[in-house]
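*Asks:* Got a structure for you, questions after.
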Amino acid sequence: MVPNGWTIQKLEQIATVERGKFSARPRNDPKYFGGNIPFVQTGDIAAAKTYLQNYTQTLNEDGLKVSRLFPKNTILITIAANIGDTAITSFDVACPDSLVAIRTNKDTDCFWLKLYLETCKDELDGKATQNAQKNINLQVLKPLEVLTPPYPEQRKIAQILSTWDRSIATTEKLIDASKQQKKALMQQLLTGKKRLVDGSSFRKVREGFAVSKLGELPDDWNVELISKHYWYQEGPGVRKHQFTESGVKLFNGTNIQHSRINLANTSTYVSSDEAYGAYNHFLADSGDLVIACSGISVDRFDEKIAFINKEHLPLCMNTSTMRFKVKSETTACLTFMRYFMMSDLFKNQIRRQITGSAQLNFGPSHMAKCFIPLPSLEEQKKIASVLSCADKEVDVLEAKLAHFKQEKKALMQQLLTGKRRVKVDEEVAT
C-alpha cells in the first residue's frame, strides 16, 4: 500500500542513471594512471560508508579520455561481485563500468535516495546473473521501483537519518582512536619503555642474532624461548571423511572472529567415540589461549587470538589452530602471552621465518624459534590488566556502535516505507 501523498517511481524517472566507463586495453596500462583525477573502484565504495572520501587510483588526462567524469554529489552503486554497495561522491570522479553513476533530478534528495537504495541491496542481488562473477546491468537498475515521498518529506527523512549517520561516524572514529591508543600502549608496555613497577631504567639490546631483533629491553627482564614457559599444541588435522553431523564440535580458525570465539555457525563435528578416544588429548580446556595459524592476514592477526571459555566446551582442536597453556603459573601469565602475540615483537619473528607471504602460516616448528621478553610475573599481570582495560573500552564503544546501527536500520525501515511519517515544517519545505 502506497502512503498518502507518495508515489512509486522508476529510478530512471527521478535520476539520470549511467554506467561508468574505462575503455582502455589493456586496462592496467600505466600510461593512463598517476594523474590527479580520482578513479574510483568497487572496493572504494564498499569502504566509503556514506560519503566517498578516499580512492586507490588516479587517472591522468589520457586516462580521462577513455573514461567518464561524474560530478560531486553523484551516487555510485556497485553492479558486479558485491552488488548494491553505495556511496555519495564528495568530489568529481571517474569510474569503471563495474559502477553505475546516479545523479538525482532537482526534485529528488540525493542523501534520501542513497538511503533508499541501501534497502534494495537484497532485491538487486536477487536479480543478478552469473557469468565470471555476479552482476546486474542498467536494464535491472533503471526500472527499479522507488517508493517516493514528496521532496520536502525526502529532505526531512534525510535530515533525521543523517543524525544517526553522524553518531555512527563519531563512534567509529572513537573506536579507531581507542585502538590506536591501545596499540601504542601495548608497544610501550611490552618493550619496557613504560613501566608499571619499579625497575631498572637501563635498557639494552640482547646478544644473539634472533634475540637482538627484539630491540632494546629493560635489563631486568628475561628474554627466553616461548617454549620454556608455555606449552602449545597444533590441531591434529581431522579428515573430511571423519566429519559427522553430531558429536563434538571441531574448532578451526574461522571460529575466531574479532578476538572472540564464535561457534554459532559450526556444523563440523567429529564423533564422540573419536573425540574421547583417538583425539582425547586434542580436546580444548576452559582457559586455553587459541590462535588461528594459517592463511591469516598480518594486519588482521590481532583478531584471530582468543580464550576458550567453559560455555564453548566440549570442543576438539583441528588443523591450522594452536592452543597454549602456561607451564608454570608462578613464572608466566597467559593473558600477557596473548598481548605479546598481538604485538609486532611476535609477528616480526614469525614474518622473518615465512618471508615472501602476505599471510601468516606457521606451526609449532616456527613457534619453537620465537623468543618472548618476560618481566616479573607481577609486571606481566599488571601489563595484562592495563591492556585488558583498554580492550574493554573498545568493547563498550563497539556495543554502542552496534546499537546505533540497529536503531538506524529500524528507523530506516519505518521512514522509507511511510509506516512512520515525519512532520514537514516550512523551513524544510522551502
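*Asks:* Among the candidates 31, 21, which residue alone is surrounded by 15 or more Cβ atoms within 10 Å (Cβ to Cβ) and either touching a residue at least 24 places away in the same chain (Cβ under 8 Å) or in contact with a helix residue (DSSP H, G or I) (Cβ under 8 Å, 6 or more places away or on another chain) (or both)?
*Replies:* After applying the criteria, what remains is 21.
*Asks:* Answer with yes or no whether residue 353 is outside the structural domain of residue 207 (by TED's automatic domain parsing) and of a type in the set (S, T, N, Q).
*Replies:* no
*Asks:* Has the range 295-305 got any residue that is assigned by TED's automatic domain parsing to the domain that holds residue 230, assigned to a strand (DSSP E or B), of a type outside the set (A, V, I, L, M, F, W, C) and in contact (Cβ under 8 Å) with a residue 24 or more places away in the chain?
*Replies:* yes
*Asks:* Specify the residue that is nearest to residue 370 (Cα to Cα); the eligible residues are those in the range 189-225 that are in contact (Cβ under 8 Å) with a residue 40 or more places away in the chain and charged (D, E, K, R).
*Replies:* 224
*Asks:* Hey, does the range 72-91 have a residue that's more than 28 Å from residue 166 (Cβ to Cβ), out of contact with any Ser or Thr (no Cβ under 7 Å at 6 or more places or on another chain) and either of a type outside the set (Gly, Ala, Ser) or in contact (Cβ under 8 Å) with a residue 60 or more places away in the chain (or both)?
*Replies:* The answer is no; no qualifying residue exists.
Residue by residue, here is whether (1) touching a Leu at 6+ places or on another chain (Cβ under 8 Å); (2) under 30 Å from residue 319 (Cβ atoms); (3) outside any loop (DSSP other than H, G, I, E, B) holds:
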| residue | (1), (2), (3) |
| --- | --- |
| 125 | no, no, yes |
| 143 | yes, no, no |
| 153 | no, no, yes |
| 176 | no, no, yes |
| 181 | no, no, yes |
| 192 | yes, no, no |
| 210 | no, yes, yes |
| 236 | no, yes, no |
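*Asks:* Regarding the range 86-108, can at least one residue be identified that is of a type in the set (Asp, Glu), closer than 30 Å to residue 172 by Cα and crowded, with 16+ Cβ neighbours inside 10 Å?
*Replies:* No: the range 86-108 contains no residue that is of a type in the set (Asp, Glu), closer than 30 Å to residue 172 by Cα and crowded, with 16+ Cβ neighbours inside 10 Å.
*Asks:* Determine whether residue 263 is over 28 Å from the mean Cα position of the chain (by Cα), at pLDDT below 95 and part of a loop (DSSP other than H, G, I, E, B).
*Replies:* So residue 263 fails the test.
*Asks:* Considering only the range 374-430, state which residues are among the β-branched types (Val, Ile, Thr) and closer than 30 Å to residue 149 by Cβ.
*Replies:* Residues satisfying the conditions are 417, 422, 424, 428, 430.
*Asks:* Taking the stated definitions as given, is residue 336 modelled with pLDDT of 95 or more and either within 22 Å of residue 187 (Cα to Cα) or exposed (fewer than 15 other Cβ atoms within 10 Å of the Cβ) (or both)?
*Replies:* Yes: the conditions hold for residue 336.
*Asks:* Considering only residues that are within 30 Å of residue 118 (Cα to Cα) and either loosely packed, with under 15 Cβ neighbours inside 10 Å or without any contact (Cβ under 8 Å) to a residue 40 or more places away in the chain (or both), which ones fall in the range 175-188?
*Replies:* 176, 177
*Asks:* Restricting to the range 275-294, give me the number of residues that are part of a helix (DSSP H, G or I) and not hydrophobic (A, V, I, L, M, F, W, C).
*Replies:* 2
The values are calculated or read from the model by the stated rules, or taken from the named source; none is laboratory data. Remember, predicted model here, so these are calculated numbers, not experimental data. Please note: Cβ atoms are built from the backbone with ideal geometry, for glycine as well, and neighbour counts cover all protein chains shown.
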